[in-house]
Amino acid sequence: MATQKSTPKIKALVAGNWKMNGTGKQLAELRKLMTAVGRRKPKADIMICPPATLLSRMAALKPKGVALGGQDCHANIAGAHTGDISAEMLKDAGARAVIVGHSERRADHDESDKAVRAKVEAAHRAGLTAIMCVGESLKQRKAGETLKIVQAQLRGSLPIDCSAKNTVIAYEPVWAIGSGLTPTVAQVEEVHNALRKALLRRFGDEGAKMRILYGGSVKPTNADELMAVPNVNGALVGGASLTAKDLYGILKAYC
Ligand code: PGA
């Protein structure tokens, strides 16, 4: 179902974050997604961010109409960092973008705004688009601190040289991730408007064009409503991106 887009000049992006899910079997979902997109192409860019182990295998499928991204990167190009992956390596494996500062990384790996900013810089250095995430906890929302928190994360996690091409923002309330809960349309609009204003202040024209994705329990059943909110320029989708059926169900908001 087509929905009214309040920011028609910005092409939407729907990115699937597979998190730590998927082995070779899961490549079938990418094939199914390609078939669905081939039949009816949504008016949005589409991306899958699989675990790093699947990146080059996905790239080998040459997924027409589906870009690939990583889920995190190290700030350095190379070196003695066991278990880490650089932005350059992700690019080499077929990624065009990388998610940085996801709340699961901020919480599980103690990533500060400063560390996230270094990763955004690494993504830019490698020629990748950084998808930088911000979002408040339930406690912070209840304390009325949402805007203060996301604005501080935005300020601290973005370097000065961000453009609409190399940077995407994702607003993901921590309490909405994987919980089935979503903020109201009015709450989403309030945060996205505040983020847009902050981007305009900091980056001028580029800030006007930068995509701001909403993420947190986006599903086929709520995508139409959420994607129609002013200044929502697409979605970052976790659980519902694991099957082509659900991800395409969300993309239908742009058909
Ligand atoms: P979810 O995750 O869609 O499963 O809530 C979103 C995310 O963490 O990016």
Relative contact order for segment 21-144, counting Cα pairs under 8 Å that sit 6 or more residues apart, in percent: 21
Protein accessible area in segment 133-199, 1.4 Å probe - carbon and sulfur %: 57
In range of the label at Ser112: residues from segment 143-185 whose backbone nitrogen is under 16 Å from the point 7 Å along Cα→Cβ: 152-159
Cross-link partners of Lys43 among lysines (Cα-Cα below 22 Å; sequence separation of 8 or more within a chain): Lys5, Lys9, Lys11, Lys32, Lys62, Lys64, Lys165, Lys209, Lys219, Lys245, Lys252
Whole-Hz ³J(HN,Hα) from phi, Karplus 6.51 cos²θ - 1.76 cosθ + 1.60, for segment 166-183, glycine and proline x: 9, 9, 10, 9, 10, 8, 10, x, 4, 6, 8, 6, x, 9, x, 8, 10, x
For the chain, built as a Gaussian network whose Cα springs stay under 10 Å, the top-fluctuating residue of Thr167, Thr35, Thr243: Thr35
Reachable aspartates and glutamates, given that their alpha-carbon falls under 13 Å from the alpha-carbon of Lys91 and they are not under 8 places away in the same chain: Asp72
Whole-number accessible area per residue in Å² for the chain, which is evaluated in the context of all protein chains at 1.4 Å: 46
Net charge of Cβ neighbours under 14 Å - reference Val188; Lys, Arg +1; Asp, Glu -1: -4
The chain - charge dipole about Cα centre, Lys and Arg +1 at Cβ, Asp and Glu -1, debye rounded to 20: 860
Ratio Rg/Rh [Cα only; Rh per Kirkwood] for segment 137-255: 0.97
Cβ-based charge dipole, the chain, positive-most Cα from Leu199, Trp175, Leu242: Leu242
Rel. contact order, % - alpha carbon contacts under 8 angstrom, at least six apart, segment 150-255: 29
Segments 219-228, 143-152 sorted - mean Cβ within 10 Å per residue, highest first: 219-228, 143-152
Solvent exposure, largest accessible area first (probe 1.4 Å, DNA, RNA and ligands not counted), of Lys19, Lys139: Lys139, Lys19
Simple label model, 7 Å out from Cα along Cβ direction - Asn222 to Ala28, nm: 2.9
Overall dimensions of the chain as given by Cα atoms, namely Rg and Dmax in Å: 16.8, 50
Computed lengthening from Arg155 to Asp92, 0.36 nm per intervening residue step minus Cα-Cα distance: 19.7 nm
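Tell me, what is the percent relative contact order of the chain, built from C-alpha pairs under 8 Å that lie six or more residues apart? Please report the intermediate quantities before stating the final value.
Values: 533 pairs, mean separation 62.6, N = 255.
Taking the mean separation of contacting Cα pairs over the length of the chain, I get 25 percent.
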Volume per residue that the Cα convex hull of segment 121-190 spans, once the total is divided by residue count, Å³: 105
Pairs of alpha carbons in segment 38-141 whose separation is greater than 22 Å (percent): 34
Built amide H within the under 5 Å cut-off of Ala164, gap 5+: none
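The values are calculated or read from the model by the stated rules, or taken from the named source; none is laboratory data. Worth saying up front: this structure is predicted, and the values here are computed from it rather than measured. All Cβ positions, even for glycine, are placed from backbone atoms using ideal geometry, and neighbour counts span all protein chains on display. Areas reflect the complete protein model, heavy atoms only, side chains present, ligands, DNA and RNA absent. Shrake-Rupley method; radii C 1.70, N 1.55, O 1.52, S 1.80 Å.
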